[in-house]
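Have a look at the structure below, then the notes.
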Amino acid sequence: MSIEPIGVLTILIGLVCLMLGTGALVHGLAIMAVLGAAAAMLIGAANIQPGHVMLVFLVCGVLSRRREAAAAIRTLHPDEPAFWFTCLVVYGIASAFLMPRVFAGLTEIIPLGTTAFDDTGSTVPLAPVSSNVTQSLYLSTTLLCLITLTAIAATREGFSAVFNGLLACCIANTVFAILDIATYSTGTQELLGFIRNARYTLHTDSEIAGMKRIVGSYTEASVFARSTLGVLGFTGTLWLCGVRPRLTGILAGLSLVLIVLSTSSTGLVGAPVMLLLLYAFAIARLVLGNGVQLTAIFALGAPVVGLAVVLLLLLDPDAVAKIYGYVDLVVLNKASSDSGVERSSWNVISFQNFLD
C-alpha cells in the first residue's frame, strides 16, 4: 500500500472539513468525486480514488451526530430505495468474489485489471481479477454515498448543503475541462499529472481530426461526456426554474459547448436527447402554469434559434461539410474505428460469457 501526494492532500482536506462540519464535508466530497483519473492510494493493483477517501470522512461525520446517524439507519427501511440498492450491492459483491472461483475456467473473459495469467492482450480463462475488488469497492462506496447524503438532506440545512455540493461538483467538472484544454494547448499537461496518477489506461492526450479529445479530470472523453451530460441536465433544469439563473445558465451553456467539442460519440448523441428533455420540461412547466420568464424565453426562443442556425449553415456549404465530416467521424462511422471494433469484440465475448 502506498499513499500518493494527492492522497495526502485529500486526507488533510478531509480532516479540515471534518472540523468545519457537514457542509464542508459534502462540498469536499463533491469536488473530490470529479477526480476520476486520480489515485489517492494504491493497494496492490487497486486504485483508491480521492472521492472514496473523502467519503470515509463524510461517513464519520454523519455517524458522529445522533440525528444524522438515525436518519442514515432509516434509509435502509424496506420502504426506502436504499434498501433495494443494498440488496443489489450484496449480490454484486457476493457474485464478484464467488462466481470467478465457482465457475473458474469455464469461459474466456476480457480481464479488467490484473490476473494470475500473463498480459496477453487477449482473453484469459475465467478467474479472480483485481477488478473484483475495485468494482466491489466502487459499488459499496456508491451505497454509502446514497445513505449518507440522503440522511444529510433530511433537514432543510442539510438539503441546502447537498444542493450546493452538487453545484460545486458541476463547477469543478467545468473548470477541469477548461484546464485540460488550456494545458494541452500550451504543452503543459504535466501540471495536471498529480491528478492523473491512477494505474488505468489513460487517454488524456488523444486527438480526432486534429481536435483535442476533452477528458477533464477523467480517464477518457466518453467518461467526461457522460459526466458533463449530467451537469447539463442538472444546471439546465435549475436555469429553467429560475434557480441562481446566472450561475446555472453559464454552467449549462459551457457544458453544452464542451460536450460538442469533446469528440465523444456519447456526448454528441446524448446532447440532443438532453436538450429535447429540457425543452419538454420547459413546455410542461408552461402548460402547468409553473414556468418563470426564463422558461418562456427558452420554450419560445429555442426553435427560432435552432432554425436560424440551420439557415446560416445552409448559406455556407463549407461549414456544413465540416460539421457533417465531424459527426460522420465521431458518430456515424464509430463502429469502424479502432475503438469501435475493439468494443464490439468485447461485446461479442461478453455475450458469450452470458451464454456460458
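Evaluated with a Cβ-only charge set (Lys, Arg +1; Asp, Glu -1), region 35-164 carries a dipole of roughly 520 debye about its Cα centre, given to the nearest 20.
Based on the mean of other beta carbon atoms within 10 Å per residue, what is the order of 293-301, 74-82, 54-62, most packed first?
Values: 293-301: 15.1, 74-82: 12.7, 54-62: 20.7.
Taking the mean over residues of other Cβ atoms within 10 Å, the ranking is 54-62, 293-301, 74-82.
Ala319 to Glu207: FRET efficiency via 1/(1 + (r/R0)^6), r the Cβ-Cβ distance, R0 25 Å, to the nearest 0.05? Display every interim value, and only then the final one.
Values: r = 21 Å, r/R0 = 0.84.
Working from the Cβ atoms, E equals 0.75.
Each of Phe85, Ala198, Ser336 was scored by the projection of its Cα onto the charge dipole of the chain, and the greatest displacement toward the positive side belongs to Phe85; charges sit on the C-beta of Lys, Arg, Asp and Glu. Between rounded, prolate and oblate, where does region 270-356 land on the alpha carbon gyration tensor, with a ≥ b ≥ c its root eigenvalues, rounded for a/c under 1.5, else prolate if a/b exceeds b/c? Oblate. Among the protein heavy atoms, those of Met41 account for about 30 Å² of accessible surface (1.4 Å probe, every chain in place). Over the C-alpha trace of region 1-117, radius of gyration and Dmax come out as 17.9, 53 angstrom. Label-to-label distance, Leu288 versus Glu80, with points set 7 angstrom from Cα along the beta-carbon direction: 2.6 nm.
Only four residue types carry charge here, +1 at the Cβ of Lys and Arg and -1 at the Cβ of Asp and Glu. Report the dipole size of the chain about the Cα centre in Debye, rounded to the nearest 20. Before the final figure, lay out the partial values.
On the way: 17 positive and 19 negative charges, 234 e Å.
Here the size comes out at about 1120 debye.
Could you calculate the FRET efficiency of Ala94 with Ala127 from 1/(1 + (r/R0)^6), where r is the beta carbon distance between them and R0 is 22 Å, rounded to 0.05? Plugging the Cβ-Cβ distance into 1/(1 + (r/R0)^6) gives 0.80.
What is the calculated FRET efficiency for Asn347 to Glu157, with r their C-beta to C-beta distance and R₀ = 30 Å, to the nearest 0.05? Provide the component values of the computation, followed by the final result.
Details: r = 47 Å, r/R0 = 1.55.
E(calc), rounded to 0.05, equals 0.05.
Considering only Val243, Val223, Val309, the mean-square fluctuation computed in a Gaussian network model of the chain, springs between alpha carbons under 10 angstrom, is largest for Val309. Stretched out straight at 0.36 nm per residue, the stretch from Val327 to Leu355 would grow longer than its current Cα-Cα span by 6.6 nm.
Using the average count of surrounding beta-carbon atoms within 10 Å as a protection proxy, the listed peptides 256-266, 26-36, 92-102, 224-234 rank, highest first, as 26-36, 224-234, 256-266, 92-102.
The heavy atoms of Tyr184 present about 50 square angstrom of accessible area, all protein chains included, probe 1.4 Å. Modelled spin-label separation between Ser336 and Leu307, with each label point placed 7 Å from Cα along the Cα-to-Cβ direction: 3.6 nm.
The Cα trace of the chain gives Rg and Dmax of 22.5, 66 Å, the first to one decimal, the second as a whole number.
Extension gain for Val16-Glu108 works out to 28.4 nm (0.36 nm per residue, less the C-alpha to C-alpha distance). Calculated from the alpha-carbon coordinates, region 157-229 shows an Rg and a Dmax of 13.9, 48 Å respectively. Once both labels are positioned 7 Å from their Cα atoms along Cα-to-Cβ, the gap between Ile181 and Ala69 label points is 4.8 nm. The relative contact order of the chain comes to 15 percent, based on Cα pairs under 8 Å that sit 6 or more residues apart. Exposure check, 1.4 Å probe, all protein chains in place: Ile250 carries approximately 100 Å² of accessible surface.
The values are calculated or read from the model by the stated rules, or taken from the named source; none is laboratory data. No experiment lies behind these values; they were computed from the predicted model shown. Cβ sites come from the backbone with ideal geometry, for glycine too, and all protein chains shown count toward neighbours. We work out accessible area using only protein heavy atoms, side chains counted, and drop any ligands, DNA or RNA first. Shrake-Rupley method; radii C 1.70, N 1.55, O 1.52, S 1.80 Å.
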